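In what follows, a single structure is set out as structure tokens and then discussed.
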Amino acid sequence: MRLWGKLMKNNKIIKDNAVPLIVEDDYQAALKEAIIQLCDSFDIAKPYWLNKNLNEYNRLGKTSFHKDNFIEEIEFDKLVIEELEDKKK
């Protein structure tokens, strides 16, 4: 599996990246590590999970983080993360 992150501004992708989502024992720890890798690659602060984000991610396998999820000012409208299944060979 991979986690795809997209920085969006005016409904356009301004940056995107996909990182491995390596789940060995703890899915939450793997997800946290993948989000940290994405944020580091975009050079942005890590977002705070709100209940809305948790519910969306659990239901849809994706969620978006807006300015309310960040302490610092952001130069984009939202960060969208989405779980991607790798294709079988």
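Laboratory data are not the source of any read-out in this text; all were calculated from the coordinates shown. Since this is a predicted model, take the numbers as computed values, not measurements.
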**OP:** Quick one: of LYS12/LYS32; LYS15/LYS52; LYS15/LYS62, which pairs are farther than 19 Å apart, Cα to Cα?
**Re:** LYS12/LYS32; LYS15/LYS52
**OP:** Using every pair of alpha-carbon atoms in the range 1-45, split the distances into 10 Å bins beginning at 0 and state the percent of pairs per bin, rounded to integers.
**Re:** 29, 47, 20, 3
Original post:
Rounded to the nearest 500 deg cm²/dmol, what is the calculated helix-only ellipticity per residue at 222 nm for the chain, with -39500 (n - 2.57) per DSSP H run of length n ≥ 4?
Top reply: -9500 deg cm²/dmol
Subject >> Extension reserve of the ASP16-ASP68 stretch, reckoned as 0.36 nm per residue once the Cα distance is removed >> reply: 16.7 nm
Original post:
For the chain, what size does the Cα cloud have along each of its three principal axes, sorted from largest down, in whole Å?
Top reply: 38, 27, 23
**OP:** Give, in nm to one decimal, the length gained when the segment between SER41 and ASP77 is fully stretched (0.36 nm per residue of separation minus the Cα-Cα distance).
**Re:** 11.2 nm
Original post:
Given springs between every Cα pair under 10 Å in a Gaussian network model of the chain, which of LYS32, LYS46, LYS62 has the largest fluctuation?
Top reply: LYS32
**OP:** Work out how much length ARG59 to ASP26 would gain on full extension: take 0.36 nm times their residue separation and subtract the Cα-Cα distance, in nm to one decimal.
**Re:** 10.0 nm
